[in-house]
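To keep things clear, I will list the structure first and then write my remarks on it.
Read-outs throughout are calculated quantities, based only on the coordinates presented, and are distinct from any laboratory measurement. Since we're looking at a predicted model, the values are computed, not measured. Positions of Cβ are generated from backbone atoms using ideal geometry, with glycine treated the same way; all protein chains shown enter the neighbour counts.
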Amino acid sequence: MGTYHGIGGDSELNRIQYSSTPTAIQSVSSVDTKNAHGQSAPRYEVVETQRRDSFDSLEIRPESPDPTKREQSGDVGAQSPRKLKASSTWERGVRVWHYGWVAETVGLSLAIISLIAILIVLLMYQGRQKETWPLFITINAYIAIFTVLLKAGLALPLSEGISQLKWQWFQQSPRSLIGIHDFDEASRDAWTSLLFMFSIEADGFEHPRHFWQYPGGFITYLTRRGGFSGTKALARFGALLTVLAFAADPFSQQIVEYVDCPQNSTNSQASVARTNSYMAQGGHTGAMEADIDSPMAVAINTGLVNPPANIASLVNIDCVSGNCTFPQFQTVGVCHACQDITSSIHNMTGAKGSTIHNYTLQDPENGDTIIWIGMGTIFSASAPTVLSTLENIMELKVLSNADQWKGLPSAYACQLQPCLRTYEASVSNSVRTERVVNTRRMGQNQLFGKDQDDDALFKLATSQTLRNGSLAACEPHAEAADGLVKVAREDVDRAPNIIAPANETVAWAWYEADCVWTFGFSSASVVRRQLSAELDGAQMQLTGGVTTGPIVAKNMWRNGTVSLASLDTFVAALADTITATVRNRGERAAAEYAAGQVLVGDTCVAVRWPWFSYPAVLVGLGAVFFLLLVAHTPRGEANRLWKSSTLAMLFAGVDESISRRVGFDASSDEIKDVAKSTRARLVRDEKGRARFV
């Protein structure tokens, strides 16, 4: 039998006897006492509960009130039935909250819900304008709030889990009592959790050490004592998550960033020059003769002498914001082609008794010399006005001998011809960018000379055309109508290089104007004559070891490094410069320019998903820890999970041989020293009480 000393007045001490047999309730007694002032003190019941598989628990609770006695005494503190019911409901709620892992499950659920709340917002507002955010706080503030809730939710299962593992740890075998302190500290903050992660209890040491201080002892512990415990390992895992949760805030603030995101303007439209037909020329000078127009003359001179690095800057464009996009579009232009013709060089060295290296390029039709180098002429170009074929508007040939004493000549030929170009274009921060997607050569107009109203020397009709960036079919029509252009069947998706004889019948049809591409006869003639005037006969001379010549020849000669690649680059820049003027001076001018979209500056939400992975993984690992914790807890002990309860520590007695080593006046450090040097195990004593022995 045991004795319970109730609280009473100074004159009366009530003793209540109980049995130590842990199998059933032995007695329920009540005590009515008075305090030092003579007032009635609360009545108490002492109940020793039925024994479970684990330690018995002792409940001391106020005696159930007797409504009859209350009514007779007229106690002013009597509660109404409604208040009693509310109090009972609250107590039941508290009991449920502390039952098993209910509170920890709620905490983990809060962390998961917070993570989902962040994820939903990120998915909804990724790429959207900043102004569309409806709340008065920023998205980062919203994320910060739910990150705090996430951490708070995780803290509950982590801290309570580590605390519960403490009890299981001491039930397994005798442990150093300082472990109680270590577990409690680890359940509170990140720093002590970090220390806890690397602490060990090694054989041969008085108390736990950090492994980096005594690596030999750590290895000995692992190899000889088995140094691994699932309970301690799980506690360390929880400590690791506590440390990681501490760093969740800065990581979460890296998830969202605000970036510039130009938006389509609804108040203005962009445009860029393009054309379906080029017929520009200067003044009429005679039968089928005309002077070159000034813009084209300037373009040719620019392309030959000093083409800009960004030739797109020569094209007319309207982009008020400095940021615009355009769908793919097509336009008439000029294309080029170059090839190596070194094998066509004729070596004239030694002819007529000369010992100086002499080389020529000859006309394959009649054998006439086209270009000659030798006797100080080391580079020469030819670009005749009369061409071998009408499909070109320039035929350039160059012959070069960088070292006339070694005799290693090279020759190249390049052509220009009207073509259909497809572009992609954009403007970013007022810098224009264009890219040629593809090109198609324009052939001879089979109606030229047969239809008095058709002045186009080059014509191409396509079965498909780009309209607002999308391909649309081009259907032939049998009858003339507004907006239709007459086209020979041979010029549809073809590029013939000769014109049919005047007496030959040509089949034709009518096509929509945006499906037909033309380059005028006079326009081609004036371009050809101007290019011939600038290029034909351009030479580089070697006099006294110094090379001299016109700027056009120097640009092709490149100090003796002329090659197929360098000449191709030179002619390509010339073709692009001419094309820019063709586009700017189309037959219908700005009416046929390609329309684009003006972009205005705005700020949008950008999500950096790799940073979101940190809280996501943290919550996932927290869930794994909790599941392992529940699985690690012995079954049937849902009612006896002491976790971080200080009352459980208070009622878990310490063996007298241990407790007498610490006096009332002992300092905190002295208590720690005793705990470090003392090993104990949590057991049930013969009276069913929890004790450290």
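Using alpha carbons only, how many angstrom separate the centre of the range 301-342 from the centre of the range 663-693?
Spelled out, the Cα-based centre of one part sits 89 Å from the other.
So who's got an amide H within less than 5 Å of the one on CYS474, skipping anything under 5 residues away but keeping other chains? H placed 1.01 Å off N, in plane.
Amide H to amide H, under 5 Å and 5 or more residues apart or across chains, CYS474 pairs with GLN464, THR465.
Which of the pairs LYS397/LYS554; LYS151/LYS672; LYS130/LYS151; LYS166/LYS676; LYS459/LYS554 have their Cα atoms more than 24 Å apart in this structure?
Violating the 24 Å limit, Cα to Cα: LYS151/LYS672; LYS130/LYS151; LYS459/LYS554.
Taking a quarter of the surface of the Cα convex hull of the range 389-479, what do you get in nm²?
11.5 nm²
Highest mean first, how do 546-557, 475-486, 122-133 rank when packing is the count of other Cβ atoms within 10 Å averaged over residues?
546-557, 122-133, 475-486
On a C-alpha basis, how far is the centre of the range 543-588 from the centre of the range 274-299 in Å? Whole number, if you could?
Using only Cα atoms to place each centre, the spacing works out to 21 Å.
With only alpha-carbon pairs counted, each pair once and no self-pairs, how large is the Kirkwood hydrodynamic radius of the range 467-605 in angstroms?
20.3 Å
Roughly what would the spin-label model give for GLN464 and GLU686, points 7 Å off Cα along C-beta, in nm?
Going by the 7 Å Cα→Cβ label model, 9.9 nm.
Quick check: Cα centre of the range 438-464 to Cα centre of the range 120-180, how many Å?
73 Å
Run the simple label-point estimate for THR433 and GLN362 please: 7 Å along Cα→C-beta, distance reported in nm.
5.2 nm
I need the calculated FRET efficiency for the pair GLU424 and ALA565, taking r as the beta carbon distance and R₀ as 22 Å, to the nearest 0.05.
Working from the Cβ atoms, E equals 0.35.
With +1 on each Lys and Arg Cβ and -1 on each Asp and Glu Cβ, how big is the dipole of the range 224-365 about its Cα centre, in debye rounded to the nearest 20?
Computed about the Cα centre, the dipole is about 1560 debye.
Taking the convex hull of the Cα atoms, report for the range 275-385 its projected area averaged over all directions, in nm².
Projected area, direction-averaged: 12.7 nm².
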